[in-house]
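Colleague: Dropping the structure in here first, questions after.
Bear in mind that the values in this text are calculations on the coordinates, not laboratory data. Owing to the predicted nature of the structure, the values given are computational and were not obtained by experimental measurement. Positions of Cβ are generated from backbone atoms using ideal geometry, with glycine treated the same way; all protein chains shown enter the neighbour counts.
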There are 2 protein chains.
Amino acid sequence: MTVSPPPDHAFRQRSAELNDLLCVLNLLNWDARTQMPPGGSVTRAQQLATLTGLARERLLDPAYETAARAALTAPHPTDRAARQSLDAVHAMRRVPDDLTRDLAHLRAEALDVWVRARAGNDFASFAPSLTRMVDLHRRLADALGPGDHPYDALLGLYEPGLTTAALTPVLNRLRAHHLPLLQAIQARPAPRTDFLTRHYPAALQRAFARAAAERFGYDFGRGRLDESAHPFEISFTRQDVRITTRVQEHYLPGALFGTLHEVGHALYEQGVHPDLTRTALATDLLGQYAVGGASYGTHESQSRLWENRVGRSAAYWDLQFPALQQTFPDQLADVDAETFLRAVNRVQPTLIRVEADELTYDLHVMLRVDLERQLIEGTLQVRDLPDAWNARMQADLGLTVPDDTRGVLQDIHWSAGMIGSFATYTVGNIMASQFHDAAQRALPDLDSDLQRGEYGPLRDWLTQQIYRHGRTYTPQELLQRVTGGPLDPDPYLAYLSGKFSNLYGLPAPTPENPPRPAPQETP
Amino acid sequence: MTVSPPPDHAFRQRSAELNDLLCVLNLLNWDARTQMPPGGSVTRAQQLATLTGLARERLLDPAYETAARAALTAPHPTDRAARQSLDAVHAMRRVPDDLTRDLAHLRAEALDVWVRARAGNDFASFAPSLTRMVDLHRRLADALGPGDHPYDALLGLYEPGLTTAALTPVLNRLRAHHLPLLQAIQARPAPRTDFLTRHYPAALQRAFARAAAERFGYDFGRGRLDESAHPFEISFTRQDVRITTRVQEHYLPGALFGTLHEVGHALYEQGVHPDLTRTALATDLLGQYAVGGASYGTHESQSRLWENRVGRSAAYWDLQFPALQQTFPDQLADVDAETFLRAVNRVQPTLIRVEADELTYDLHVMLRVDLERQLIEGTLQVRDLPDAWNARMQADLGLTVPDDTRGVLQDIHWSAGMIGSFATYTVGNIMASQFHDAAQRALPDLDSDLQRGEYGPLRDWLTQQIYRHGRTYTPQELLQRVTGGPLDPDPYLAYLSGKFSNLYGLPAPTPENPPRPAPQETP
């Protein structure tokens, strides 16, 4: 008697193969960013292109669709995996081959052009590439299905289900909250930060960051910490989840908070349930990326939660500052925990997004979201982009942009073809507070656990609620399951107001004394 | 007007893709051996299996054969690439799918069993895996085409064109030479080696090894030096050729000569002509390995040439010893260049192949070649293998094997499914001297160049003669082109006799006073 295989057998096998290919792509990228000698860049790009092409070919193989259809009746969560796979197949089929090819070529080319343009403060030389990038993304949005707004399809690549209509009022609320709070903070005396730029030997910073990562529960048996110019987290299944940081000997917070941020991402990936390993629920099939997290925003919520809500809290530094001071006794001789806490939470407008504090970071994001949305709508032309950028920096952050290198050319995203991704940073901030508050409701001892440096209960709760599910649920479903509601900026705004009012000695906003609304520039 | 693509267009494209896949497999293996956290091993094995399967599928795709046939008329060397590709396709087709699958599974399983058996000195637990490995290799040899001797097909996997009939007399000559020379050396006083096991800080060893690699011309812009338990060289195109070494703080020669050895391999790969990048002439299609060297033996000839003929020479240490002494002034205070040279060329039988000196190394190889050939012939049974091993160690090296861990279980090769590969180590030794002597004939200033530490002329000559051709020529063709003859042990034997007679103060063998022939155990 022949036992016939279960109906989802072929689907699981093909999904595993696809996940393998995308994990290998992740490794090629990790290696290129941390280990590869400079000579390898051209042939590495060819290897990446070959593997990306193969993965696309396997996804679009009619046998994959047949296998996914057969698996639609499989038990949960394989039915979901099959459904998501079919959605990805159909979406990818809607994108013409020549558009895919053109986008891949333009990405490689534009990155190069951008690197030189940024170095030479020469926006004009980048403008043609960006114009073409915008055009191709408009075609991509059209192909994927225009929805209510052409920007929606691009948002959806990074945050499935997010729409311009849902995002706009949320960002408006943030803007109305952040601008007056920033104004109030700037009227107060600035905290001391001089000691953050003293000399902190790299080896000691590395050791401290490593210990901090371990305390949060990052499993070095399934991971490693390297250095790279731009810190990142990447995984090759939950069994091998790597993070990087950047150590600067004259700036203490960089490596430390950078590590905590990446650890947040890594805890998510390490916490995906083993049953999801090598399945479609640990694979972003459309984005061609092996990842266990539900979306960019969901992922970012965990990096922000661990970096900011835990790592920049008074509870954290009350406990950890003595160890830091012991590591750097001379550098921190004239500093106490309270002074250190205020320094690493200092709010100060900066030209550069990646150097921004917790409050002004969202303003950087909103600027980019508005401008790229207008580019996609066609209401802003690439040639007018620098002026629009500079005007907005002046209006929101009170900063005059001295050159495009520190302005419109600062980010890699547009040259890398990631139009639509910026919003997820702020969505992640918002979700972080929603999830954190849900954890607080579920874990009555959470605050005292964190005060004692017990991070296990929080991590375990997040694992149960979020991490273990991988990509089983959409971000909206996950929010609903975990917090009981949709994306909601209130917990985040309450957290920021409370935190900074406290740190800067501001009167807490009350119903009688609401924060002054800002001018509504975001439509 | 449509311009039709050249007849080798599809072949070059498909070959590039295959090379990409195999380069990626190399990276997966490099990473597993140098960087990967322990948790990643299972999913990494799955990724390797998926990519290996894909590469096999692409090679056996009928379109690849069609493309290769169309390219047979392309200009040299693409015609050769096409011919070799067709040979690989036909050979791989002769191997039944189930045998390929069984071998892959057995390799993974046997490796694991072997690791435990070696740790526990338990040959009996490994014997069933080895028996099956021998059986599958007999089937493999049959499938590939038995030739005159079933062992030939296996030899040919590593050294195309090498046959048992050609190898046996060569090894017999070596054996007849080495055994009496060893006896004569053992009758002489042993040189001092006490200082080699003093404490040599790892960081200083690393720096010295790195500088030595640079002096030989290893290009760190297209490479990197890492550490691993078992040193190796691996490439992901000529643009990215990596080496590893093993640093032991209480054994100086390990990291140093290990590095020079891997540098020899790396110079070969870095010297392949850029036009061969991503072609079939930088790809071992049948072995499924991205490699530019013509064969295992040819490759080994270059590691041995740079490690031994250059790196263990009097000219090398006369020049470099002062720098070594400056690096380790306390450890080498009571040592001079001559004493150091004698120490690193000490001949002393050892149980362990990888610890063997230049002379006894070949005896270790011959033992393994004879035993594995007998296993494949069926004239030796796996259960009788430990006794056969131990008897031969006693006869050839005068050593009593105290346990199988230090005997028949010491090497990874049989559990890794590399039956047929051992001979290439000695073939490499022989070729190294043939190539070296050819260089000496072609470069009248070679000796004085080396005395002055000018390694460029030798490296450039080897690049022109050997490296740049990649896999264009078979090892036999390459030997013929470069040395004017076939594999010939004479230069190697003359080198060893001369060197060790000199170091140990032996009378040089003359026609009147020939070395005493040893008992002929090798049939």
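Colleague: Helix B:314-327 against the longest principal axis of chain B: what's the angle in degrees, Cα atoms only, rounded to the nearest 10?
Modeller: Between the helix axis and the principal axis of chain B, the angle is about 80 degrees.
Colleague: OK, next. Per the helix-only calculation at 222 nm, which mean residue ellipticity applies to the protein assembly as shown, given -39500 (n - 2.57) for every DSSP H run of n ≥ 4 and division by its residues, nearest 500 deg cm²/dmol?
Modeller: Computed mean residue ellipticity for the protein assembly as shown: -19500 deg cm²/dmol.
Colleague: If you wrap a convex hull around the alpha carbons of the stretch B:448-489, what volume per residue comes out, as a whole number of Å³?
Modeller: Per residue, the Cα convex hull of the stretch B:448-489 comes to 84 Å³.
Colleague: Provide the packing ranking of B:135-141, B:185-191, i.e. peptides ordered by the mean count of other C-beta atoms within 10 Å per residue, highest first.
Modeller: B:135-141, B:185-191
Colleague: Output the 0 to 90 degree angle, nearest 10, between the alpha-carbon long axis of helix A:490-504 and the longest principal axis computed from the alpha carbons of chain A.
Modeller: So the inclination is approximately 30 degrees.
Colleague: Using the 7 Å Cα-to-Cβ label point, sort the distances from A:Gly505 to its equivalents in the other copies shortest first and give them in nm to one decimal.
Modeller: Relative to the other copies, A:Gly505 has label-point distances of 8.9 nm.
Colleague: Compute, for the protein assembly as shown, the length of the dipole vector about the Cα centre, with Cβ point charges of +1 (Lys, Arg) and -1 (Asp, Glu) only. Units Debye, rounded to 20.
Modeller: Roughly 340 debye, rounded to the nearest 20.
Colleague: Along the principal axes of its C-alpha atoms, what lengths does the stretch B:119-277 span, in descending order and rounded to whole Å?
Modeller: So the extents along the principal axes, rounded to whole Å, are 53, 51, 37.
Colleague: Could I ask something else about it? Of all the Cα-Cα pairs you can form in chain B, what percent are over 39 Å apart?
Modeller: Here the tail beyond 39 Å accounts for 24 percent of pairs.
Colleague: Hey, rough spin-label estimate for B:Leu506 and B:Asp61, points 7 angstrom out along Cα→Cβ, what's it come to in nanometres?
Modeller: 5.7
Colleague: Among A:Thr474, B:Leu446, A:Gln325, whose Cα projects farthest towards the positive end of the dipole of the protein assembly as shown, with charges put on the beta-carbon of Lys, Arg (+1) and Asp, Glu (-1)?
Modeller: Projecting each Cα onto the dipole axis, the largest value belongs to A:Thr474.
Colleague: What is the projected area of the convex hull of the Cα atoms of the stretch B:9-94, averaged over all directions, in nm²?
Modeller: 6.2
Colleague: Roughly what % antiparallel, to the nearest 5, for the DSSP beta bridges in chain A?
Modeller: The answer is about 65 percent antiparallel.
Colleague: A follow-up question, please. Nm distances between the label at B:Ala203 and the same-position labels in the remaining copies, 7 Å along Cα→Cβ, shortest first?
Modeller: Label-point separations across copies, in nm and ascending: 0.5.
Colleague: Using a simple charge model, +1 on the beta-carbon of Lys and Arg, -1 on the beta-carbon of Asp and Glu, nothing else, what dipole does the stretch A:164-504 show about its Cα centre, in debye to the nearest 20?
Modeller: The dipole magnitude comes to about 220 debye.
Colleague: Could you please state, rounded to a whole Å, how far the C-alpha centre of the stretch B:62-125 is from the C-alpha centre of the stretch A:397-461?
Modeller: 49
Colleague: I've got another one for you. Mind checking the mean number of beta-carbon atoms from other chains within 10 Å of the Cβ atoms in B:237-248?
Modeller: 3
Colleague: Mind jotting down a quarter of the surface of the convex hull over the alpha carbons of the stretch A:379-448, in square nanometres, one decimal?
Modeller: 7.7
Colleague: Treating the point 7 Å from Cα along Cα-beta-carbon as the label, what are the nm separations from B:Gln394 to the other copies, to one decimal?
Modeller: Nearest first, the other copies' label points are 9.5 nm away.
Colleague: If you consider only alpha-carbon coordinates, what radius of gyration and Dmax does the protein assembly as shown have, in Å?
Modeller: Both quantities, over Cα of the protein assembly as shown: 32.6, 115 Å.
Colleague: Please compute the average number of Cβ atoms from other chains found within 10 Å of each residue's Cβ in peptide B:20-33.
Modeller: Per residue, the average neighbour count from other chains is 4.
Colleague: What is the average number of partner chain Cβ atoms found within 10 Å of a Cβ in B:221-228?
Modeller: 2
Colleague: Give the residue from A:Val344, B:Ala314, B:Val369 lying farthest towards the positive end of the charge dipole for the protein assembly as shown; charges sit on Cβ (+1 for Lys and Arg, -1 for Asp and Glu) and the dipole is referred to the Cα centre.
Modeller: B:Val369
Colleague: Nearest 10 degrees, 0 to 90: what angle lies between the long axis of helix A:385-397 and the longest principal axis of chain A (Cα atoms)?
Modeller: Between helix and principal axis, roughly 40 degrees.
Colleague: Output wanted: per-residue J couplings in Hz (rounded whole) for the stretch A:456-462, from phi through Karplus 6.51 cos²θ - 1.76 cosθ + 1.60, θ = phi - 60°, x for Gly and Pro.
Modeller: Karplus values, whole Hz, x for Gly and Pro: x, x, 5, 4, 5, 5, 4.
Colleague: Among the DSSP beta bridges whose two residues both lie in the protein assembly as shown, what percent are antiparallel, rounded to the nearest 5?
Modeller: Taking every DSSP beta bridge with both residues in the protein assembly as shown, the antiparallel ones total about 65 percent.
Colleague: Between the stretch A:273-345 and the stretch B:144-198, what is the separation of their alpha carbon centroids in Å?
Modeller: So the separation of the two Cα centres works out to 58 Å.
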